[in-house]
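Here's the structure we're looking at; comments come further down.
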Amino acid sequence: MVHLWDMREGVLLKRLEGHPRPWRNVNALAVSRDGRMIAISDEERTLIAWNLSIGESRTQTIQAYCTRIQSLAFSPDDSLLATGSVYGTIELWCTKTWQQLGHSIICHKVTVRCIRFSPSGKLLAIATSKNIQIYDLSTSKCVADLKGYTDGSYNNSLAWMPDGTRLFSAGGNSDPNIREWDTSTWTQVGDPWEGHLKSIQNISLNSNGTLLASASDDNCVRLWRVSERRPIIVFKHPSEVRCVAFSPDDRQIFSGDQDKITEWPVFEDVLPKDCPKNVPKDDSKDAPKEQAIHQVLAINSDVRNACIAGDLHTAEMVLNREIDTDANNYTSYANRAFVMARKSDWDRALHDAINSVRIQPSFAGHISEGIALFGKKKFWAAASTAFDLASAFTNGDLKTTQLLHCDFQTIALFNAGQHKEAMLRVEELAISPNVDTLACRVVEAYLRVHLGNTAFNQKFYNEAVDHFTAAVNASAFFYKSAIHSTYEEFVVLFGWDLKSLWQNANQQQCHALFKAGRIGAAVESYRSTMDKSDEHTKAGLSAWFAALQ
């Protein structure tokens, strides 16, 4: 059975039923270019085409092969549907009459894994278990035989550049890389694109061929900038990822694993330059700042500003006066506990937190208690319980709940030295539905920079490179965003410097690459950072890089 979803609303529109054995798995699926037809086949070798506008079958059931269909593809003008079987047979079907056209194409002694028409519709690329074959449909002859992958590695997926000048292929477990082919010479362009650890199941290009998304059995979707031949963002799933596709406007990526579809944002800094931006109206400058996250704690402006500036002495003095004026001011006790935690005075932090909760249980009181208990590094269960108790004061708000458990609690756990567990929480957050993805990436980037600095200081430079690279990838989500104000609570509670996070991650990556002897990669990292920096930042980076050499 196939489900059609409204991706804006996240609701099921209709179910396409009609297979003689509906409990069988759908094996292949293709949507026509005009969006009006969908073709599906199951493991019983049944092929059905549907009219999406009315949700009714356009054909009688076709028993296409003696073996199951592995791949489907519509031609650019939607006049043809190509089908490829596990035993190497490719057939072409007229989408008006649903009659087979011409003779079958036979790829001997191979399994067909993927078939794709060229943008002109004149060529058909066939990825098999041994090679990639290119057929001229006007003559039904093979014009190229591409063999780039190691023996035993299937060619799992194909994608054509929109102008037809390049063909991309993805390999299986023994060679899980992406290869780029020049279609004028049918030779490989450059080195394989490395990054995935297991078989790549599917690849997809955006509308103008500047970005490529890949889905893999390593539970990851990688977003690659084609011009750079390297991943710029990694999206993590809880299980093997089977398919990936861009939205029509290229602003979202949709990926599917074993039991769900996940939507990932493609932020404007990685969108093609000619893609229209979401430009706010002129009167937006008068709108209030977004308060979705950074005003969840009741901290007066004097204390808040002092904490942001790192003037903890002033913050403490203001709170002392508030408590002296009102000994039952539970909010001030909780806020002073935050200040004591910033100073790593865990005994006083816990004392103030306990006083706050004793006077009046509250959101801030339980958070301060949880942070203080984690800081003591021995009351793990009690600390987790404190954060759980704070949940009762979120009023069911999803963003506040995320901030509490996935951000505050994770950071407090990390600061207590439980790095592995904290990073696991970050990874789980990244793949969870209905989360603030940007907040997740901010936390991931900051913690990765910390781990990278630790490895760097211990002279484990390659390990440091891995951490800084993860931070750079995460920061690609926000390097032009005002995260310092949006996520102000991270600054207030933990003293984070978010203004320089993106630049720091990139500079440290470059430095670690130099120390690891990877000079070429270091230069590439520097150039990439310069390309994204404003003129003021470029001047400082240029001087820093000159001194580094």
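None of the figures in this text is laboratory data; all of them are computed from the coordinates on show. Since the structure is predicted, the reported quantities are computational estimates derived from the model, not experimental observations. Here Cβ is always computed from backbone atoms with ideal geometry, including for glycine, and neighbour counts include all displayed protein chains.
Brief remarks follow.
- When shorter helices are ignored and each DSSP H run of at least 4 residues is given -39500 (n - 2.57), the per-residue value for the chain at 222 nm works out to -10500 deg cm²/dmol.
- Dipole of the chain, positive direction: furthest Cα of HIS366, LEU447, TYR333, with charges on the beta-carbon: LEU447
- Near GLY256, once Lys and Arg are set to +1 and Asp and Glu to -1 for all other residues with Cβ below 15 Å from its Cβ, the sum equals -2.
- Placing a label point 7 Å from the Cα of VAL26 along the Cα-to-Cβ direction, the residues of segment 188-209 whose backbone N falls under 19 Å from that point are 201-204.
- Selection from ALA516, LEU493, LEU548 lying farthest towards where the dipole of segment 491-549 points positive, charges on Cβ: ALA516
- Each peptide in 363-370, 154-161 receives the mean, over its residues, of other Cβ atoms within 10 Å, and ordering these scores from highest gives 363-370, 154-161.
- Between TRP380 and GLN458, the simple spin-label model (points 7 angstrom out along Cα→Cβ) gives 1.9 nm.
- To the nearest ten degrees, helix 419-430 and the longest principal axis of the Cα atoms of the chain are 50 degrees apart.
- Cβ-placed point charges (K, R +1; D, E -1), dipole of segment 418-549 about Cα centre in debye, nearest 20: 420 debye
- Farthest toward positive dipole pole in the chain [+1 Lys/Arg, -1 Asp/Glu at C-beta], among ASN504, THR89, ALA349: THR89
- DSSP beta bridges in the chain [antiparallel fraction, %, rounded to 5]: 100 percent
- Taking every alpha-carbon pair in segment 418-549 and binning the separations at 10 Å intervals from zero gives 13, 41, 35, 11, 0 percent.
- Exceeding the 24 Å Cα-Cα cut-off - candidates LYS14/LYS198; LYS130/LYS198; LYS260/LYS399; LYS343/LYS499: LYS14/LYS198
- The magnitude of the dipole of the chain, with charges of +1 and -1 set on the Cβ of Lys/Arg and Asp/Glu and taken from the Cα centre, is near 1180 debye.
- Long-range tail of P(r) for the chain (Cα pairs > 37 Å, %): 43 percent
- Cα long-axis angle, helix 380-390 against the chain (0 to 90 degrees, to the nearest 10): 90 degrees
- Simple Cβ-charge dipole of segment 208-249, Lys/Arg +1 and Asp/Glu -1, about Cα centre, in debye nearest 20: 140 debye
- Applying both filters, DSSP loop and at most 11 other Cβ atoms within 10 Å, to the trypsin sites (Lys or Arg not before Pro) of segment 330-406 gives LYS378.
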